[in-house]
Amino acid sequence: MEDQKTLSILAHILGIFTGFIGPLIIFLVTREDQAVAKANAREALNFQITLALAAIVSSLLIIIVIGIVGLVAVGIGNVVFSILAAMAASRDQEYRYPVSLRLLK
């Protein structure tokens, strides 16, 4: 159980530094009997993919200046929501990111 908690926390925190790559690796290496860690990694992966899409759109909108605000919001949102999710995972609670596309079921 402690391994699952560690993997769950890592899935959320690695997203800050590696984007969707860290949660993807954890999602792929967790076994089927580690349902809690796999669910947290799936949630983190969905959120990081959503942020990557938002960053791409914001990058395109830099031409009309609003993209700069969007990129700053994406960065701040990534740090804040990932930390909140990691804290929930450390308390063995499920966390649903408020702004996330549910691409992986």
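Numbers at a glance
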| item | result |
| --- | --- |
| Count of segment 13-42 residues which are of a type outside the set (D, E, K, R), in contact (Cβ under 8 Å) with a residue 12 or more places away in the chain and touching a Leu at 6+ places or on another chain (Cβ under 9 Å) | 14 |
| Any pair with Cβ under 9 angstrom, 6 or more apart, that starts in segment 81-105 at a residue that is within 15 Å of GLN4 (Cα to Cα) and ends at one that is loosely packed, with under 12 Cβ neighbours inside 10 Å | ALA85/ARG96; MET87/GLN93; ASP92/MET1 |
| Some residue of segment 32-40 being modelled with pLDDT under 95, under 11 Å from the mean Cα position of the chain (by Cα) and charged (D, E, K, R) | no |
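The values are calculated or read from the model by the stated rules, or taken from the named source; none is laboratory data. Values in this document were obtained by computation on a predicted structure and should not be read as measured data. Virtual Cβ from ideal backbone geometry, glycine too; neighbours counted across all protein chains shown.
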